[in-house]
1. When the accessible area of segment 289-419 is computed with all protein chains present and a 1.4 Å probe, what percentage of it is carbon and sulfur?
2. Starting from the Cα of Ile269, step 7 Å along the direction of its Cβ; do the same at Gln197; then give the gap between the two resulting points in nm.
3. Output the Cα-based Rg and Dmax of segment 229-318 in Å, rounding Rg to one decimal and Dmax to a whole number.
4. Can you give the accessible area per residue of the chain, in Å², using a 1.4 Å probe?
5. Could you work out the percent of alpha carbon pairs in segment 334-419 separated by over 20 Å, rounded to a whole number?
6. Could you list the residues of segment 244-262 with an amide nitrogen less than 17 Å from a label point located 7 Å from the Cα of Asn310 in the Cα-to-C-beta direction?
7. Name the residue, out of Gln318, Gln253, Gln301, whose mean-square fluctuation peaks in a Gaussian network model built on the chain with Cα pairs under 10 Å.
8. Can you tell me, using C-alpha contacts under 8 Å and at least 6 residues apart, the relative contact order of segment 292-366 as a whole percent?
Amino acid sequence: MAKKVKNRWLIAAAAVGIHISIGSVYSWSVFTNPLREKHNWGLSEISLTFSIAILFLGLSAAFMGHFVERHGPRKSGIIASVCFGAGLLGSGFSDQINSIYLLYFFYGALGGIGLGIGYITPVSSLVKWFPDRRGLATGLAIMGFGFASLIASPVIARLISGIGISNTFYLLGAVYFTIMFLSSLYLTPPPKDWQPQGMNENSKKEESNSKDLAQLTANEAVKTIRFWALWGMLFINVTCGIAIISVASPMAQDIANLSAASAATMVGIMGLFNGFGRIGWASISDYIGRPNVYTTFFLIQTVAFVLLPNVTNAFLFQLLLYLILTCYGGGFASIPAYIGDLFGTKQLGAIHGYILTAWAAAGLVGPLVVSWIRESTNSYSLTLYIFTGAFVVALAISLLIRINIRNIRKENSQSHVAS
C-alpha cells in the first residue's frame, strides 16, 4: 500500500509556525525601556543583545545548513525549538538575577542559534514541495518572520506590564517552544521524484522554462561567481534596509517634520510593508523570474534613496520608505528560490545558510554606519547618498549575473546536444 503523502499546504503552515515564533526577535525593542528602568543598564548595552542574536542567527545558519540537509527538517526544527525556547527561559532567569552577560548568552547566543537553525529549517523542504511555486512557498514562510513583530510587540508590552519581565520571558519561552516543536513534527521532505498534481501535464514546458541551472553541493556553490553575486546583492539590500529601519522614526522627524506619534505609527506600518513585500515580491518572482525581481528591487531603491533627503512632503516621504521596506522584505523571501534556480535543491538549506552570513554582517554594519555618519555630519543626507551608490553597485551585479547564467545555460545546451 502506497504511503500517504502529506499535504504540502500544511507543510507550508508548519513552516509559518516556526517563522512566526522566531520572528518575535524583531520585537526586542519592547523590552528595552522596562529593562533600563529595572536594572539601570545603558541603551547600547541592551541593544547589543539584539545584535548578538542576529550575529548568531547568521553564523548558526551557515554552520548548521549541512546538518539540516543531512538530518532533515524535523530533527533540525526540534533543535531550533529547544535552543530558542531555552534562550527565552534563560533570559527570564537572567532578568531575575540582574545579569546582562547571562542575557547576552541566553537571548543573544543560544536564542540566536535557535533563530538561525529555525530560519533555514523549513526553506529547503518548501522549495522541494513547491517546484511549481517556489517563490510563493518560501515567501509564505518568510512573511511569517516579517509579520511576527506586529503580533508579538503589543502582546509582549501587555504581558510586561501585567506579569513582569521575567514571567513574560518564561511564558514566551513555553509558548514558542510548543508552537515550534509541534510545527517541526509535521515537517518532512517530499518523497523521491514527487511532483504536485497537474505538473506532469506541463513537465516539458516546466523543464524548458524553469530547469535548475545546476545541481551543486554547498561547497561547490561557494566557488562560483554567482554565489558571491547573490551574497553581495543580499548584503547591500539588508545593510541599507536595516539601517533605515534602525533610524526611521528620528529620520522622518528630521527630514519630513513628522511628529513623534506620526513617526511611531509609520514604523508600525513599515512592518506591514516588510511582511507584504515578502509574499508579494516572492510570488511575482514565480512569473517574471528571480533576476528580473532583483533588478527591479535595486532600480526602485536607487531612485528612492536619492530622493529621500530632499522630500519634505510627509506623505511622499512615507511612501518611499514603504516601497523600500517591500524591497527589503522581498529580498529575503526571494533568495531561497533564486538559490534553487541557480544551484538546485541538492543542498539548498546549506547554501541558504552560507548566504545568510550576509544578513549577519549587514546587521552589524548597517546601523553602525548610519549612526556614525549621522553623529559626524548631523545629517542623514550623506548616508542616504552613500546607500544610493551601494544600490547602483547592486544593480550592476544583478545585471552582470545574467551574463553568467546565460553562459552556463549555453554550455548546458551544447553539452546536451553533444550527448
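1. Values: 3560 of 5360 Å².
Carbon and sulfur atoms account for 66 percent of the accessible area of segment 289-419.
2. About 4.3 nm, to one decimal.
3. 14.4, 41
4. Ligands and nucleic acids excluded, the figure is 43 Å² per residue.
5. Details: 2116 of 3655 pairs.
So the portion of pairs separated by more than 20 Å is 58 percent.
6. What the label zone holds, given the 17 Å backbone N cut-off, is 255-256.
7. Gln253
8. Numbers: 22 pairs, mean separation 18.4, N = 75.
Normalised by residue count, the contact order of segment 292-366 is 25 percent.
The values are calculated or read from the model by the stated rules, or taken from the named source; none is laboratory data. Please read all numbers here as calculations on a predicted model, not as lab measurements. Because the Cβ atoms are built from the backbone with ideal geometry, glycine has one as well, and the counts that use them run over all protein chains shown. To get the accessible areas, we keep the full protein, side chains included, count just its heavy atoms, and leave off ligands, DNA and RNA. Shrake-Rupley method; radii C 1.70, N 1.55, O 1.52, S 1.80 Å.
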